[in-house]
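Only one structure is covered here, and it is reproduced in the block below.
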Amino acid sequence: MPDHAQPTFPQTGGCQCGAVRYELREPPLGIWACHCSLCRKQSGSAFGLSMSVALDALVFTRGDPGSWTRQAESGHWLDCLYCCDCGSRLIHRRHENDGRQTLKPGTLDDTSWVVPERHFFTESALDWVRPLFPAGTDSAS
């Protein structure tokens, strides 16, 4: 994480309607922004934010998320966890997860400390987003 980000843990979060809640008990392993078309479509925005966290660092405290499975362009299979009531995407889990999962950090109650360390698929970034990349963080896919 960047030097200025010093959140305390646990951190809490959940879906938009509150039916699914979780607790993140450990700091993330990394935070990034992806500019590929699939992440833009999933987020409904110019890019998608992702936060790698250990599988056992996140526990659901209310509700059970639904899940659907898709194959990524890389060929990996991915479970997408979401709220069955409001549809908010919460977590992505690759089937070959190496003990990690990807939290959608916009679902945290406090996002003030969430700063992407890297940007991926920047060649697909929208033109108005490209000038916003800090020097040295523009990473190719």
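A short reminder: the numbers here are calculations on the coordinates, not readings from a lab. Just so it is clear, the structure is predicted and the values come from calculations on it, not from any experiment. Here the Cβ positions follow ideal geometry from the backbone for every residue, glycine too, while neighbour counts run over all protein chains shown.
Find out how many positive minus negative residues lie around Cys17, taking Lys and Arg as positive, Asp and Glu as negative, among other residues whose Cβ is under 12 Å from that of Cys17.
Working: positive: Arg21, Arg62; negative: Asp85.
Summing Lys/Arg as +1 and Asp/Glu as -1 gives +1.
By count of other Cβ within 10 Å, fewest leading, how are Phe121, Phe9, Phe60 ordered?
Values: Phe121 19, Phe9 11, Phe60 15.
With the sparsest Cβ surroundings first, the list reads Phe9, Phe60, Phe121.
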Legend entry - Cα convex hull of the chain, projected area averaged across orientations, nm²: 8.5 nm²
Legend entry - Simple Cβ-charge dipole of region 11-126, Lys/Arg +1 and Asp/Glu -1, about Cα centre, in debye nearest 20: 240 debye
Inset, instruction - Give me Ser124, Ser50, Ser37 ranked fewest to most by other Cβ atoms within 10 Å of their Cβ, as a rough exposure proxy. - result: Ser37, Ser124, Ser50
